[in-house]
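Single-structure report; data block below.
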Amino acid sequence: MTPDFSRVHRFHGGIQPPEHKQISTTMPLQAAALPDRVVLPLQQSSGLMAQAVVSVGDYVYRGQCIAQVKTLEGQSSALGAAVHASISGHVSELATLPVPHPGGLQSPCIVIESDGLDLPVPDHVQRQDDWQDLEAEQLLATIGAAGIVGLGGAGFPTHTKLAGGFAQDTRLLLINAAECEPYITADDMLLRQRSAALIEGIQVLVHLLEPEHVVIGIEDNKSEAIACLRAAIDDDSCIQLVVVPTRYPSGGEKQLIQLVSGLEVPSGKRPIDIGVVCQNVGTVVAVADAVIRHQPLIERVVTVTGDALAQPRNFYVRLGTSIEHVLTQAGLRPQQLQRLIMGGPMMGFALTDLSLPVVKTTNCLLAGSNEALGAPGEEMPCIRCGECEAVCPAQLLPQQLYWFSAHQQYQKAASFDLWDCIECGACAYVCPSDIPLVQYYRHAKDELRVLTDEAQKAEQARQRFEARQARLTRQAEEKAAKRAARAAKAQQIQSASKATAASQPKATSDDSLSSNATPPLSESASTSSISPSLRSSQQHKIALAAAQVALKRADKQLAAAKARREEDVTALEAKVEQAREKLKALQNVSDTLSDTVSASVTPATPVTAKASGSSTPAVSASLKQLKITRAAALSAVKKAEKGLLNLQRATDATAEQLDAQKARLAGAQEQFEAAEKALQKAQLATEPTQESNS
Amino acid sequence: MLSLFAAPHSHVPRRMPQVMRQVMFAMLPGIIGLTIAFGPGILVNLLLSMVTALLTEAWILRLRHRPVGKTLTDGSAVVTGMLLAVALPAIAPWWIPVLGTFFAVAVTKQLFGGLGQNPFNPAMAAYAFLLISFPLEMSLWPQPFEWHIAGFSWYETADAVTGATPLDAFRHKGMLTAEEFWQQPQLLSPDMVLAWEWVALGWALGGVWLLWQRVIHWQAPVGMLSALSLLAAFFYGVDPSHYASPWFHWVSGATLLSAFFIVTDPVSGATSRLGQCFFGIGVGILVYVIRTWGNYPDAVAFAVLLMNFAAPTIDYYTRPRVHGHRKAQRGLKQKDSAP
Ligand code: SF4
Ligand code: SF4
């Protein structure tokens, strides 16, 4: 597909909620008062967490890097964002503190107490090198070192995204100025004030990525910002300004790409896979500041709005400033503050703690009353009205996804393309039954992730188990082979000496003896009367040892289970009993066999025949015993498997229960295999004996 | 105290109870038309149906241990009762609307799991049930405009004044050609036709208002009406002496009532816009076929019920192409896509 910039395309569905934007654009964009204290989370990107490079008590300057991300092996750049001091002062704490997060997460943070001076890094001399002379790698490193992430809300490390664009062919550099969520005006106000900086940033990115097209996409409700942009763009510049209709979620990455170029990002792929790099306005300005003015990311524009504020507006806020500090400066009316939302009303998340810090992805603080925002109504049954489907920008069937998610049919939901849902909330916005659809989808996605994880883990466990089994068998075989070799040698020496002792002229004519004398001795006819019983005796010794080990293990398991006060020790007791029986059976067999062996070492053939003949009933009896043991072991395995299955089906099973059951299953499987092996060996041992007998 | 809610934090103002109120409001012109033409009996039916609907719903929710107040106020049961009542003959005995509404709410709706779960349109299922069980009572349409003269005594002589609906009359025209049929006022009085035209106009007014309010969408009504008109026009064009004109099909029976209020029922219809279009077309075709060659004079109820059967299949075959996918997944066989 080729991009088509000749017209504005459209995406499916979308909604037009009340904008509420003008309330925060009446006052100019200004810096908020400096806070006394900042809390800087180490995790402020969607990548890896940064590691603190300062200690408690250290003095830090504004703009000083205080936490860095390690570059992993095999990666050119760190997959994460560095953190910089946003004020000067002393590091007072390195602690795990609550951070803004939908799940109320706590995360490691650096706390700086301000000295009130706001001193920049002193040796921060303006570097003389012109950015246009920098190599791409150096540019990327500069951007990475400035700690820039996607400021539109996703928080993806910018240098990583740009590195991807640099590595592949970038056809389209798309600057996202749509800002489609209601209430938010941060990009709008930034554009009104700093359009020139945006153009500078675009020039840096063009220098880096060399795209074929550069497009700024902006919604048509920002006329002032559009005018500023038009003024800033040179007539001969390659930058194209595309004004798109106001329709949520036009600022969604995939939707904006479709709007300006007609291209669709294939399912499961990233924009760069079709040659598109999309960057938010704020991010591009931050890039300009970092590359041209050598300023790391220490502040951002935040829309502070809502009916709980006397002066809703936009601020430059230093990162780490507490929300309360920011809201207070916008004239917080606490009695009206019933809802606090970080981000917009469609995709933002609610917070309950005013002391949380502003972070790199905080584009909006929405402080409002229930009347203004509207408390969600009670969830009613889906009436399949199809309103959700009509507005879904991904053209999904939200009602079907809801049905499958609510009925725990997560795989089915996945087959209805749950993973293409961008969680924009348009469906939930229009649903007349007030179903919190997005919550259902998030939950279903979580469940699917857990399922995939579990499947992977189970697969790994299975592979480990099989490898272990193979190793054990190999070891046992090697041992057996060694012993057989040793025994054969001994036998050879013995029979050789006997042959010499007999040393009669007739002996040479005796086939059996002559071949008996020829080394190496393995499968020769003469030994066939001796070696099977001998071999089986050795194998039985191994089986005996294995059974002893199994008994000991079962005993131990039983003791452990008893210690844990588990209910079903009876199964384990039965197992111990089985192991004991098996051991006894094996001991019986080996007793018989050792008799046979001692009888058969006497060279006379008829005696051997007689001896093996007499031992046959005993052997077959023990064979039967072994078969019974094997069957019992098999049923134990089946039982353990069923138990595990039941536990997995049961929703309230704990991880401990599952693990215990898995251990039980593994034990039973081992037991079964041991029994199977013993049986096979015994069968092998008896067959030749019977043959020689006949 | 700050409260936690999940995103999105704002919602379109319209919710289900409002939707139901709008539907009730949109029925007013049609109800007025019916009342002018066939007398206040229609209002009695309405009242009986609405009360029965509420009582039945409350009783069954009680039995099922579901919250009564919340579900009653959603208005869906009342709308079901009203839709049935306006389809019933104006002078049907009192127990017809009561029994019918009870059937609609208790059997077709609640037995299947309540709101949103019923595969069949409750009002139409109840109508079909009544028509099959009590064909006589279901044909008690009075002569139009006569109650103005007769006043309330008119009810006592109701049996004497019942007249055939236009559809019924046309179906029983026997060997007469259409032209001859229209010349026999004793077979079908011009008043009757006029009355039904007024009623149809009432439904159309309400329907257009619903469309304008975006309570319903154009796909199903347009699908149904165009399929019906095309078929009618074709046969009328081929043999106007035996087939009724498209206009006749539009204004007679429950055509416009069902186009705007029945085939647009979200629960028992197809769910996607494209699917709704197919659903409407299906109803339109079936209505024509049953009316013309079937045994029942009006076919809307059966046509809708048959299409209700087909709705899930329609849904499977009208799945949209998801953003970023080359092709739409359609058909009953689903391939599983990896997460
Ligand atoms: S909008 Fe709500 S009620 Fe309507 S089909 Fe979608 S989920 Fe169901
Ligand atoms: S949240 Fe998902 S399903 Fe709902 S409208 Fe947005 S993309 Fe579609």
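The values are calculated or read from the model by the stated rules, or taken from the named source; none is laboratory data. As the structure is a prediction and not an experimental result, all values here were calculated from the model. Positions of Cβ are generated from backbone atoms using ideal geometry, with glycine treated the same way; all protein chains shown enter the neighbour counts.
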Across (1) more than 13 Å from ligand 1 (Cβ to nearest atom); (2) within 28 Å of B:ARG15 (Cβ to Cβ), A:ALA426 clears everything bar (1)
Checking A:GLU378 against (1) more than 8 Å from every other protein chain (Cβ to nearest Cβ); (2) at pLDDT below 90: exactly one of these is not met. Which one? (1)
Tell me, which residue of the stretch B:1-47 that is in a loop (DSSP other than H, G, I, E, B) and in contact (Cβ under 8 Å) with a residue 12 or more places away in the chain is nearest to the other protein chains (Cβ to nearest Cβ)? B:PRO40
Can you tell me which residue among A:ILE323, A:ILE341, A:ILE383, A:ILE292 is of a type in the set (Val, Ile, Thr), more than 12 Å from chain B (Cβ to nearest Cβ) and either closer than 30 Å to B:TRP218 by Cβ or touching a residue at least 24 places away in the same chain (Cβ under 8 Å) (or both)? A:ILE292
Note on A:SER369: of the conditions (1) within 9 Å of chain B (Cβ to nearest Cβ); (2) more than 25 Å from the chain's Cα centre (by Cα); (3) among the small types (Gly, Ala, Ser), unmet is (1)
Got at least one residue in the stretch B:78-92 being within 14 Å of chain A (Cβ to nearest Cβ) and surrounded by 20 or more Cβ atoms within 10 Å (Cβ to Cβ)? yes
Residue hits (the stretch A:432-458; within 8 Å of chain B (Cβ to nearest Cβ), within 14 Å of ligand 1 (Cβ to nearest atom) and not hydroxyl-bearing (Ser, Thr, Tyr)) are A:PRO432, A:ASP434, A:PRO436, A:VAL438, A:GLN439
When you scan the stretch A:376-398, do you find a residue that is within 16 Å of ligand 1 (Cβ to nearest atom) and among the polar types (S, T, N, Q), even just one? yes
Pair list, Cβ < 7 Å and 6+ apart or interchain, from the stretch A:548-560 residues that are among the charged types (D, E, K, R) to residues that are at pLDDT 75 or above and assigned to a helix (DSSP H, G or I): A:ARG553/A:GLY667
Residues that are near ligand 2 (Cβ under 9 Å from one of its atoms) and outside the structural domain of A:LYS662 (by TED's automatic domain parsing): find the helices (runs of 4 or more DSSP H) completely inside the stretch A:389-475 holding 2 or more of those. A:398-406, A:426-430
Please work out if A:LEU365 is in contact (Cβ under 8 Å) with a residue 60 or more places away in the chain, away from ligand 2 (no atom under 16 Å from the Cβ), closer than 26 Å to A:GLY252 by Cα and not in a helix (DSSP H, G or I). yes
Taking the stretch B:256-274 and keeping residues at the interface with chain A (Cβ under 8 Å from one of its Cβ atoms) and either assigned to a helix (DSSP H, G or I) or within 16 Å of ligand 2 (Cβ to nearest atom) (or both) leaves B:THR271, B:SER272, B:ARG273
Is it the case that some residue within the stretch A:405-422 is under 24 Å from B:ALA7 (Cβ atoms), surrounded by fewer than 20 Cβ atoms within 10 Å (Cβ to Cβ), more than 10 Å from chain B (Cβ to nearest Cβ) and in contact (Cβ under 8 Å) with a residue 24 or more places away in the chain? yes
Wholly inside the stretch A:1-111, strands (runs of 3 or more DSSP E) that include 3 or more residues that are crowded, with 21+ Cβ neighbours inside 10 Å and at pLDDT 90 or above are A:37-41
For B:PHE134, which of the numbered conditions (1) more than 14 Å from chain A (Cβ to nearest Cβ); (2) of a type outside the set (A, V, I, L, M); (3) crowded, with 18+ Cβ neighbours inside 10 Å fails to hold? (3)
Taking the stretch A:374-394, which residues are surrounded by 21 or more Cβ atoms within 10 Å (Cβ to Cβ) and of a type outside the set (A, V, I, L, M, F, W, C)? A:ARG384, A:GLY386, A:GLU387, A:GLU389, A:PRO393
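Listed here are the residues, each with its yes/no results for (1) within 30 Å of A:GLY425 (Cβ to Cβ); (2) acidic (Asp, Glu); (3) in the same structural domain as A:LEU256 (by TED's automatic domain parsing).
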site: A:THR2; (1), (2), (3): no, no, no
site: A:SER6; (1), (2), (3): no, no, no
site: A:ARG10; (1), (2), (3): yes, no, no
site: A:VAL38; (1), (2), (3): no, no, yes
site: A:ALA50; (1), (2), (3): no, no, yes
site: A:GLY89; (1), (2), (3): no, no, yes
site: A:SER92; (1), (2), (3): no, no, yes
site: A:SER107; (1), (2), (3): yes, no, yes
Can you find a residue in the stretch A:224-245 that is buried (at least 23 other Cβ atoms within 10 Å of the Cβ), in contact (Cβ under 8 Å) with a residue 24 or more places away in the chain, assigned by TED's automatic domain parsing to the domain that holds A:ALA186 and out of contact with any helix residue (DSSP H, G or I) (no Cβ under 7 Å at 6 or more places or on another chain)? no
Here are some conditions: (1) buried (at least 24 other Cβ atoms within 10 Å of the Cβ); (2) not assigned by TED's automatic domain parsing to the domain that holds A:SER45. A:CYS364 meets all but one. Which one does it not meet? (2)
Among (1) more than 16 Å from ligand 1 (Cβ to nearest atom); (2) charged (D, E, K, R); (3) within 10 Å of chain B (Cβ to nearest Cβ), which single condition is A:ARG333 missing? (3)
Tell me, which residue of the stretch A:150-170 that is touching a helix residue (DSSP H, G or I) at 6+ places or on another chain (Cβ under 6 Å) and outside any helix (DSSP H, G or I) is modelled with the lowest pLDDT? A:GLN168
Restricting the stretch B:48-72 to residues that are out of contact with any Phe, Trp or Tyr (no Cβ under 8 Å at 6 or more places or on another chain), of a type outside the set (A, V, I, L, M) and part of a helix (DSSP H, G or I), the residue that is surrounded by the most Cβ atoms within 10 Å (Cβ to Cβ): B:SER49
